[in-house]
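Below is one structure, written out as structure tokens, with a few remarks after it.
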Amino acid sequence: MSRTFDVVIIGGGVVGCAVAWYLAHFDLSILLLEKEKDVCCGVSKANTGIL
């Protein structure tokens with residue numbers, strides 16, 4: 001079984017959750033991927049996007 005999403009967000013930290021919450025207001029199907037057991041584990045640690 002496959003599903004299609006409008007938006008895929010990688011990372012369930014503060015920024016990822018905020019983006020998902022904001023986009024949910026636009027009636028989009030959103031997939032939020034997080035490697036931890038729950039969202040916001042280790043939040044605000046590395047959300048600047050520096051490589």
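Quick notes on this one:
- In this label model, Cys41 and Arg3 are separated by 2.1 nm, measuring between points 7 Å along each Cα→Cβ vector.
- Hypothetical label at Phe26: residues of region 1-20 whose amide nitrogen lies under 20 Å (7 Å Cα-Cβ projection): 4-20
Since every read-out is calculated from the coordinates, none of them should be taken as a lab result. If you're wondering where the values come from, they're calculated on a predicted model, not measured in any experiment. Positions of Cβ are generated from backbone atoms using ideal geometry, with glycine treated the same way; all protein chains shown enter the neighbour counts.
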